[in-house]
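Right, one structure below, let's go through it.
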Amino acid sequence: MASGSQPLSGRVALVTGGSRGLGRAISADLAAAGATLAINYRGDERAARESAAGLGNGAGIWQADISDRGEAAAMVEGVLAHHGRLDLLVLNAGVWRGGRIDSLDPADWDAVIDTSLTGAFNVLRAASGPLAAGDAGRVVVLSSAIALVGFAGDAAYGAAKAGLVGLVRSLAKELGGDGVTVNAVAPGFIHTDMTADVPERSRERMLRRTALRRFGDPEDVAKAVRYLAVDGGYVTGQTLTVDGGFSL
């Protein structure tokens with residue numbers, strides 16, 4: 001790829017949950033735009049190495065359970081020590097646990113909130129200063145169309161992802177004076193290993209209400225993240241919905 005088509009050349013991007021699914025597609029797209037990738041993973045080192053392989057530009061992997069504040073901070077410090085900068089943060093790590101409110105295991109609620117919402121807070125708390133120290137920091141948070149419209153059996157996931165939208169709006173105001181944009185991407189049903197566990201009945205309901213009558217691919221979401229990272233310099237505090245019309 002010619003250097004002129006690599007608008008993120010020289011930029012360092014940290015992607016949480018980058019070892020599979022959406023995170024892997026996002027990492028590949030940002031690397032194609034010239035970014036140096038720091039790919040976070042929690043437990044599957046092999047998958048993380050596969051995600052980083054072939055990305056070039058000094059891509060590396062960083063283990064951390066971001067629901068642990070100390071591990072999240074240590075990861076950010078490690079990326080800064082290694083690369084000397086942090087320009088783009090993509091908060092993608094999350095888990096899904098389903099169940100109606102009267103039967104949802106409290107441990108499942110905790111797992112979803114701790115990873116998706118508290119984990120985002122933990123990383124942002126450590127990364128906001130370094131992002132503000134640069135000339136054009138970017139934060140992109142992966143929310144969900146479920147946060148916008150709700151879905152029966154998704155109380156934990158919907159609450160966590162809706163919380164991220166509120167976090168984005170507040171941080172856009174906090175960090176805007178430092179030139180940092182903070183936005184969310186809200187995917188609909190995307191073909192990943194996470195959604196492979198969604199019951200068939202729920203899949204059919206989602207497909208019926210999706211205007212395009214098809215589910216999305218990880219690359220659809222990656223393109224939206226890349227837009228906010230590259231061309232969205234005057235876009236902040238917004239939620240870009242990539243759901244095929246599911247939330248209409």
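Throughout, read-outs are computed from the coordinates displayed, never taken from laboratory work. None of the values given here were measured: they were computed from a predicted structure. So basically every Cβ, Gly included, is an ideal-geometry build from the backbone, and we count neighbours across all protein chains shown.
Results, tabulated for the structure shown:
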read-out	value
Pairs with Cβ under 7 Å, 6+ apart, first in the stretch 30-58 and without any contact (Cβ under 8 Å) to a residue 40 or more places away in the chain, second among the hydroxyl-bearing types (S, T, Y) and assigned to a loop (DSSP other than H, G, I, E, B)	G34/S9; I39/S19; Y41/S19; D44/S19; A47/S19; A48/S19; S51/S19
Check on L207, in contact with a Phe, Trp or Tyr (Cβ under 8 Å, 6 or more places away or on another chain), on the phi < 0 side of the Ramachandran plot, in a strand (DSSP E or B) and of a type outside the set (D, E)	no
V79 being farther than 14 Å from L124 by Cα and touching a Phe, Trp or Tyr at 6+ places or on another chain (Cβ under 9 Å)	no
Residue tally, condition hydroxyl-bearing (S, T, Y) and within 25 Å of G17 (Cα to Cα), over the stretch 193-218	2
Members of the stretch 177-196 found to be of a type in the set (G, A, S) and surrounded by fewer than 14 Cβ atoms within 10 Å (Cβ to Cβ), listed by number	G177, A196
Some residue of the stretch 227-247 being part of a helix (DSSP H, G or I), surrounded by fewer than 17 Cβ atoms within 10 Å (Cβ to Cβ) and not hydrophobic (A, V, I, L, M, F, W, C)	yes
